[in-house]
Amino acid sequence: MGEQVRWMITGGCGFIGTALVSRLIAEGGNSITVLDNLSVGSREDLGRVCRFATVEADAGTGGAPGIESDVRLVVGDICDHQTALRMTRDTDVIVHLAANTGVLRSIDNPRPDFDMNARGTFNYLEGARVNGAPRFVYASSGAVLGSCTPPISEELPTRPVSPYGASKLAGEAYCFAYHGSYGIETIALRFGNVYGPGSGKKQSVVAKFIGQALRGETLEIYGDGRQTRDFIYIDDIIDAIYRAGTRPGIGGNAYQVASSREVCLLELTEKLLACLRGRGVNGVGVRHIEEKTGEVRRLYSDCGKAKRELGWSPAFDFDEGLVLTVDWFLRMGR
C-alpha cells in the first residue's frame, strides 16, 4: 500500500468513525479522509479526537498539509454517486460505516434503509472499482441472518426478518460480487451491538437506557425482556476494523465481530441500574411495553473465524465495558 496508508471513512464523524480516526492517528503513518453528512455526527465530535481541515469533495483524498493529524473532512451524502467517485480517488482502504441504522426504525419506514444502506454501499464499491481502491471494509450486522438458533456464524443461511437486515445483506452481496468480479479485497464485518464511550447520540439499547436514566426517564423494555443480544465494546470493534483494513489475504470474506456472550435485556437493565446506583443515580423506573414484530428473539455470535483469520478476539468483558460507558456519560453530563 505504500509508506503512508490512505484511509477513506464514510460516517467518520459518528461514534465508530471518530473512534477509528483516533486509532489511526495513534498508529501513525496514515492519511485520513472522512465523509459525513453531519446528520448525526458533527464537526465537534470529530474535533474531540483530532485536528482536521474541511475540504470540498472534488479536492481528492490526499494528505492535508499544515495540520497535525493529517485528517480531512468532506461534508457529503453517500447516496450521491458523483461524490462517491470523487471521494474514492487515491485511496488504499475504504471503510464504509455510514448507514441508516435500527431494526425498529426500518420496520416503521423501510425506504431510507434501502436508499442509504443498499444504494450507498453500491456507490462506494463502484467508486472503488472505477478508481482502483484495493480494499473495502463494510460495516454489516448480524441482522442479515434473521431468526436462527444462536450462536450465529458465517456458515448459516442469510434470511433477514427486518428491512434493516435486508439492506445490510444487499450491501454484503455487492461486496462479494465486487470481490469476485473485480478483485477488490472486500471484507464484511457483522457487528454485534456496539456500545462504549462516545455513544451519546446512539439509539441502541445501552446508550439509550443510560441517557434515559440520567434524564430521569422510565426505561421501556419490549415484551418480557428475555430477548438477548451480543454486546461488543467500541475498542474491540475498532481493533477488528483496523485488522480488516490491514491484514493481507482476507478479501471476499464476512466475519462475525462480537463478544460471543449472550446477554438478555433484563440482565442488562439490572447491571446498569446497579452501576448507576453505585454512582448516586437512584430511583430509575422500568416498565414493560408491547413487544414489536421483526425483532430477533435470541442473538449471539460464534467469532471463531475472526479469531483464526483476523487474529482478533475481544479484550473487554461486558461488565467492564458497561462501567466505562456509564462513567463516560456521567463525565459528559448526558
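Observations, loosely collected:
- Highest-MSF residue in the chain out of ARG23, ARG261, ARG247 [GNM, Cα springs under 10 Å]: ARG247
- Normalised by the number of residues in segment 207-268, the average gap of Cα pairs under 8 Å and 6 or more apart makes the relative contact order 47 percent.
- Computed P(r) (all Cα pairs; segment 209-263; 5 Å bins; percent): 4, 15, 15, 16, 17, 12, 9, 7, 5, 1
- In this label model, ALA177 and GLU262 are separated by 3.5 nm, measuring between points 7 Å along each Cα→Cβ vector.
- As a calculated quantity, the FRET efficiency between PHE114 and VAL75 at R0 = 35 Å, using C-beta atoms, amounts to about 0.90.
- Of all DSSP bridge pairs formed entirely within the chain, close to 5 percent run antiparallel.
- Net charge, GLU27 excluded, C-beta distance under 13 Å - Lys, Arg +1, Asp, Glu -1: 0
- Amide H contacts of GLY146 (H built 1.01 Å from N, under 5 Å, at least 5 apart or other chain): ARG159, VAL161
- Phi-derived couplings, Karplus 6.51 cos²θ - 1.76 cosθ + 1.60 at θ = phi - 60°, listed residue by residue for segment 140-157: 9, 7, x, 5, 5, 8, x, 7, 7, 7, x, x, 7, 8, 5, 7, 7, x Hz, with x used for Gly and Pro.
- Debye-formula intensities of segment 63-195, expressed as log10 I(q)/I(0) at q = 0.10, 0.22 Å⁻¹, are -0.35, -1.31 (one equal scatterer per alpha-carbon, no solvent).
- Segment 215-224 - phi-based ³J(HN,Hα) in whole Hz, Karplus 6.51/-1.76/1.60, Gly and Pro as x: 8, x, 8, 7, 7, 10, 10, 6, x, 7
- Taking 0.36 nm per residue of separation and subtracting the Cα-Cα distance, full extension of the segment from GLU290 to GLN82 would add 70.5 nm.
- Residues in segment 14-55 that a label on ARG105 would reach, taking backbone N under 16 Å of a point 7 Å out along Cα→Cβ: 14-17, 36-42
- With viscosity 1.567 mPa s and temperature 4 °C, the Kirkwood radius over alpha carbon pairs of segment 186-334 converts through Stokes-Einstein to a diffusion coefficient of 80 µm²/s.
- A simple count of charges around ALA128, restricted to other residues whose Cβ falls under 11 Å of its Cβ and scoring Lys, Arg +1 and Asp, Glu -1, yields 0.
- Dividing the alpha-carbon radius of gyration of the chain by the rule-of-thumb value 2.2 N^0.38 Å gives 0.96.
- With the gyration tensor restricted to C-alpha atoms of segment 179-239, the semi-axes of the equivalent ellipsoid amount to 32, 15, 10 Å, longest first.
- When the helices of the chain are scored as -39500 (n - 2.57) per DSSP H run of n ≥ 4 and the total is divided over every residue, the value at 222 nm lands at -10500 deg cm²/dmol.
- Comparing GLY252, GLY278, GLY142 in a Gaussian network model of the chain (Cα springs below 10 Å), the most mobile by mean-square fluctuation is GLY278.
- For segment 207-266 versus segment 70-97, the inter-centroid distance based on Cα atoms is 26 Å.
- Mean separation of Cα pairs under 8 Å and 6 or more residues apart, divided by the residue count, gives segment 118-210 a relative contact order of 33 percent.
- Close amide H contacts of THR228 (hydrogens built in the peptide plane, cut-off under 5 Å, sequence separation of 5 or more or a different chain): ARG298, LEU299.
- Percentage relative contact order, the chain, counting C-alpha pairs under 8 Å, at least six apart: 16 percent
- With the alpha-carbon atoms of segment 143-193 aligned to their principal axes, the span from lowest to highest coordinate is 34, 21, 20 Å, starting with the largest.
No lab work stands behind these numbers, since they all come straight from the coordinates. Remember, predicted model here, so these are calculated numbers, not experimental data. Cβ sites come from the backbone with ideal geometry, for glycine too, and all protein chains shown count toward neighbours.
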